[in-house]
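To keep things clear, I will list the structure first and then write my remarks on it.
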């Protein structure tokens, strides 16, 4: 409280500089870029798994085709994992997501393939079919989430029990709707959400998406910098900012390039050419898949959820409650309402996943999403979400989902028997969390 | 003793806070039983008593953490309805809890503005502006504090305490409740808190101070209020009683002549 200290420039004090000079080159790099070492570790682990499986499978894994499929397979679990982060951060759990996914998938299937056509009288292929089905599914997800959230937040039944009940109830409901009968086929537009050659946006659109994303990255970096400048806060060195931007853009454009390197299969190209009156030239027609629609949906969900957790009051409250529920309550936060909202978000995300999974299957079955709750929880936890609450990131959970899926489809490529697959996935989950515990103790 | 007239211990004017006949029970236990206490602008009133005497509970009723079963609270002479922490803050009542009540996993700025975040025109969190404000207020309390980017769990006890104090004074509190504010602090930081209390006092802020340290209390407080078994033993100006007499109030419930006895005072058979 002396005058000398008030004139000091904010941030770079002598002590800070002294501390910085003591760090190693790696330490300085991490400090300058403000990268999360945990996240880097996960990306590293993912790359090790990828390269390892690639070598073991004799070069089958790191191909455009396999990576493209991997991205589509990951999207459904990744979407739900983003919501599970919020649930777990608030010291709750949701065991019902797989069953919620199942019952919503069933409702959406019955709505578009039977109810709207036979009872309401829509024509097959009417664009309203998929829109009404999707909206109804999302609304139902919101309702189920609100219902479970209400019991947890206001009636004070533990989330574990409520969602364990939900696991059984919603799976039973999924069966009851059609007495176990599978509903197929689904609306052709609805099917686009499942990926496949037609469910992808093609080469040109993919490049445009990539370019827009790169511009957005650059804008965010510049905007953040100017904001901090406005208040004279310490800034990242320019080289670090540039490096971050370049790496991010390279990753985005690399992903687009891979998606564009996977052409449509010959049969589908021939069919497409016939339908559109194009003659297939000598040597075949090269039509790239581009980014799959479910992947785009997952990325969009990831961005929105990151925005919610980092930039909104609600997200801040979720983390504060997870860190210290009593403090949050004393700060005047309506913790019950926040809890209920988190479960509502989880329900909506389960509905989106249900749309993707059933569209990909082109059918609604009562088994849709079975055991997904465990994959989703595992993805969130591997992605650094602490079951003790208060810590977790959306990006980490999505990477966790990608890691789990990589392991699983990698083992399929390697021809490993399914019992052994389960053993490996289970062991990896435990080891990953153990490593995380060790890491957290040291930092 | 009965012919001695008790001195007027309360200052004149409208009290900032007037809690009248407050009671609360948890299960069958009456944690606070018909307690009355008041606080005037620019005054420090210390609440003393054993563990479990009911002082923290009484103060949590004022800060909105607990809902009282009976009694009234007047703020500036007008009856106030306080049923949750948000209500209390509306009346300018800020609390520094014994446990600090910080969200350990978020940074200092997020804690300072928890529940009262600054927003941008887009309706998003204005983290930069909050950090700027945080730097300002922390610069006043703890000029060497620079760890604005770290979750508060990584801070030292003293730094955490200064975050909790900064949060309480950031929003122009009129009434400040400090529950064991120096419990986690070293001698130098304790002196700093003492300095802060005097500064806030001169700004006309009323302060309730809960403490076990009777020495601290005589240094900072204008009046003491002693509680025992949920009841008020008595209230006295620190100038009218000795430390030993206050200890007698705490331990035995014996009200000295310099104090106004409350319902909890030891009844001496006449």
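Just so it is clear, none of the values below were taken in a lab; they were calculated from the coordinates. Source: prediction; values computed, not measured. All Cβ positions, even for glycine, are placed from backbone atoms using ideal geometry, and neighbour counts span all protein chains on display.
Computed values, structure above
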read-out	value
Gyration tensor (alpha-carbon) shape descriptor, region A:294-443, a/c threshold 1.5	oblate
Helical contribution to [θ] at 222 nm, DSSP H n ≥ 4, -39,500 (n - 2.57), averaged over chain B, rounded to 500	-9000 deg cm²/dmol
C-alpha long axis of helix A:127-153 to longest principal axis of chain A, angle in °	50 degrees
For region B:215-270 versus region A:82-126, the gap between their alpha-carbon centres in whole angstrom	66 Å
Cβ-based exposure ranking for A:154, A:272, in which fewest neighbours within 10 Å come first	A:154, A:272
Two-site FRET efficiency, residue A:34 against residue A:280, from Cβ-Cβ distance with R₀ of 56 Å, rounded to 0.05	0.60
Projected label distance in nm at residue B:20 and residue A:374, using a 7 Å step from Cα toward the beta-carbon	6.5 nm
Relative contact order, percent, region A:292-443 [alpha-carbon distance under 8 Å, six or more residues apart]	18 percent
Region A:319-334 versus region B:12-33: alpha-carbon centroid distance in Å	26 Å
Most fluctuating residue given options A:77, A:162, A:87, as computed from a GNM of chain A linking Cα atoms under 10 Å	A:162
Spacing of the two label points (7 Å from each Cα toward its C-beta) at residue A:47 and residue A:62, in nm	1.0 nm
Gyration tensor verdict on region A:374-434 (Cα atoms; rounded if a/c is under 1.5, prolate if a/b is larger than b/c, oblate otherwise)	prolate
Rounded to 5, the percent of DSSP beta bridges in the protein assembly as shown classed as antiparallel	60 percent
For chain A, built as a Gaussian network whose Cα springs stay under 10 Å, the top-fluctuating residue of A:96, A:57, A:386	A:57
Taking region A:201-291 and dividing mean pair separation by its residue count, relative contact order in percent (alpha carbons under 8 Å, at least six apart)	46 percent
Order of A:376, A:43 under a 10 Å beta carbon neighbour criterion, fewest first	A:43, A:376
Estimated FRET transfer efficiency when R0 is 56 angstrom, pair residue A:225-residue B:252 (beta carbons, to 0.05)	0.30
Whole-angstrom gap from region B:67-136 to region A:178-248, using each part's C-alpha centre	37 Å
In degrees, nearest ten, helix B:187-202 long axis to first principal axis of chain B (Cα)	80 degrees
Percent RCO, i.e. relative contact order, over chain A, from Cα pairs under 8 Å lying at least 6 residues apart	32 percent
Between 0 and 90°, nearest 10: helix A:372-382 axis offset from chain A longest Cα axis	20 degrees
Exposure proxy order (Cβ contacts within 10 Å, fewest to most) of A:247, A:217, A:119	A:119, A:247, A:217
Structure-based [θ]222 nm, chain A - -39500 (n - 2.57) summed over DSSP H runs of at least 4, per residue, nearest 500	-23500 deg cm²/dmol
FRET efficiency for residue A:25 and residue A:261, using Cβ-Cβ distance with R0 set to 45 Å, rounded to 0.05	0.80
Extension gain, residue A:143 back to residue A:117 (0.36 nm per residue minus Cα-Cα distance, nm)	6.9 nm
Size descriptor, Kirkwood hydrodynamic radius, that averages inverse alpha-carbon separations across the protein assembly as shown, Å	29.3 Å
Potential extension, residue A:437-residue A:423 segment - 0.36 nm per residue separation minus Cα distance	2.9 nm
Exercise: per-residue mean of other protein chain Cβ atoms within 10 Å, B:109-116	5
